[in-house]
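Read through the structure below, which is laid out as structure tokens, and then see the notes.
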Amino acid sequence: MENLKEKTARSLLWGVINNGGMQVLYVVFGIVLGRLLSPAEYGIVGVLTLFTAIAGAIQASGFTQGLVNLKSPTARDYNAVFWFNLLVSLSLYALLFVSAPLIADYFRQPCLVEVSRVLFLCLPISAIGIAINSYMLKNLMNREIAIINLIAILLSGTTGTIMAFCGMSYWSLVWQQLVYNIALNIGRYSYVRWRPSLRLDFEPVKRMFGFCSRLLVTNLLNTLNQQLLTFVFGRLFPIHAVGNYTQANKWSTMAHSTVTNTLHQVVQAVLVSINEERERQQRVFRKLMRFTAFLCFPAMLGLALVSREFILLTIGDRWAGCVVMMQIICIGAAFLPLHALYQNLTISNGRSSLYMWCNIGQIVLQLTLVLLLRHQSIEMIVGACSAFTILWLFVWQWTAHRMIGLRLIDMLKDTVPFLVVAVAVMAVTYLITSAISNLVLLLASRVVIAAALYYLAMRLLHAKVMEECIKMVRHKTIT
């Protein structure tokens with residue numbers, strides 16, 4: 001029990017360092033490259049995102065989660081997944097290589113033939129690291145994962161910046177992605193002793209395929225959903241409105257994914273290890289839920305509070321139209337890490353079918369909502385989608401009640417207090433700072449005051465989760 005607590009605390013700490021550091025570096029390199037490259041140059045690589053995202057989901061086929069979900073995966077399991085992923089990725093690359101002229105014709109950009117054939121090399125390169133990444137996640141090697149990711153971002157971001165500065169145009173973005181994937185694999189194989197063998201035995205893949213195939217379907221639908229929402233907006237609204245939505249969603253995603261990815265690196269492996277002990281699993285899940293609420297509500301509502309000055313200071317006045325949408329998206333996104341927590345619980349209990357159908361229901365209903373509101377403003381549609389995201393949390397709560405007996409009242413007790421405190425803190429901070437006109441001073445004041453007030457409120461309320469977080473930082477165990 002103590003060993004699990006220590007490993008969980010240490011893994012969560014390194015998960016925060018990993019994802020927080022990654023987002024900081026993404027922001028820095030994003031701003032630098034954004035000033036060196038034009039929107040058209042970004043567009044050349046951007047139009048290929050849908051192809052790489054779908055192909056990436058297919059090549060992984062849910063086996064990362066499938067391996068983590070095994071009680072004691074063997075070298076045979078990892079080897080089977082390695083060769084399966086590699087063969088699938090090579091097949092996908094061959095298909096995309098042949099399709100490159102068609103892609104270029106569709107977008108009326110002849111340069112995409114060469115660009116896509118180079119960029120899609122990321123598929124077989126990343127496939128080499130899928131199985132070994134699963135090994136690291138299964139064994140809670142989050143310290144090593146953090147080091148590898150941060151070094152990979154530094155190397156790839158520096159490569160892209162140098163190439164952009166030298167006038168390499170969109171090729172700087174292509175090589176940024178290639179270097180990132182190469183660096184990840186070098187780092188993973190440096191830390192882990194396991195190596196794939198030449199023996200092709202796909203029996204473990206067949207054994208996991210039923211579970212993983214449902215994850216694959218869900219991942220594909222989620223990928224399509226993320227792209228299709230922008231596609232629908234592109235049909236309904238002027239292109240500048242769609243651009244504002246894209247920019248607002250990007251910053252919000254970077255913020256909430258810091259918490260979500262931290263949980264993803266830890267939660268499934270921890271819950272799988274105790275999934276035969278229902279009471280203990282419920283106790284651990286509630287503790288993780290309090291930790292998630294403690295982080296995500298102040299982070300996302302705080303970003304909503306500072307959206308205007310943040311956007312104007314980083315990317316300029318021309319993006320002022322995305323501020324309101326960013327604020328709306330942040331409110332809904334504050335609940336997405338909790339969604340991810342419930343999803344990991346569902347997967348760790350082997351309920352990939354339930355996971356799949358809950359996601360399908362969410363996707364279908366959200367797209368239906370967008371189409372029903374298609375004659376309204378883009379801000380109203382975004383607001384409706386954010387509200388829907390909040391309400392769908394109760395569907396996931398229903399699944400948790402079925403699996404581990406978690407009551408709705410317990411979920412509300414674990415999350416609502418942090419939400420109420422975060423809302424009150426942001427409201428007070430807004431009133432205190434509303435008279436400040438200087439954007440730099442306003443941004444700094446709001447960040448400092450909101451953080452101080454939230455810390456003080458947690459102290460006064462004797463929030464145990466904050467004490468546990470402090471112990472994590474001091475390398476102590478969770479009590």
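The values are calculated or read from the model by the stated rules, or taken from the named source; none is laboratory data. What you see is a predicted model; the values in this text were computed from it and never measured. No Cβ is skipped: glycine too gets one built from the backbone with ideal geometry, and neighbour counts run over all protein chains shown. Heavy atoms of the whole protein, side chains included, go into the accessibility calculation; ligands, DNA and RNA do not. Shrake-Rupley method; radii C 1.70, N 1.55, O 1.52, S 1.80 Å.
Carbon and sulfur atoms: what percent of the 1.4 Å accessible area of the range 306-355 do they account for? Carbon plus sulfur share of accessible area: 58 percent.
Beyond 31 Å between alpha-carbons counts as too far, so tell me which of K71/K287; K206/K413; K250/K464 fall in that bin. Walk me through the intermediate numbers first.
Values: K71/K287 22 Å; K206/K413 42 Å; K250/K464 33 Å.
As for pairs spanning more than 31 Å Cα to Cα, those are K206/K413; K250/K464.
In this view, the solvent-accessible surface of H339, computed with a 1.4 Å probe and all protein chains in place, comes to about 10 Å². Residues whose amide H falls under 5 Å from that of N349, counting only those 5 or more places apart or on a different chain, are absent, with hydrogens built in the peptide plane. C322 sits with roughly 0 Å² accessible to a 1.4 Å probe, with DNA, RNA and ligands left out of the calculation. Can you list the trypsin sites (Lys or Arg not before Pro) in the range 95-157 that are in a DSSP coil and have 16 or fewer other beta carbons within 10 angstrom? Listed in order of number, the matching sites are R108.
Based on alpha-carbon atoms, the Kirkwood radius and the radius of gyration of the range 288-409 give Rg/Rh equal to 1.04.
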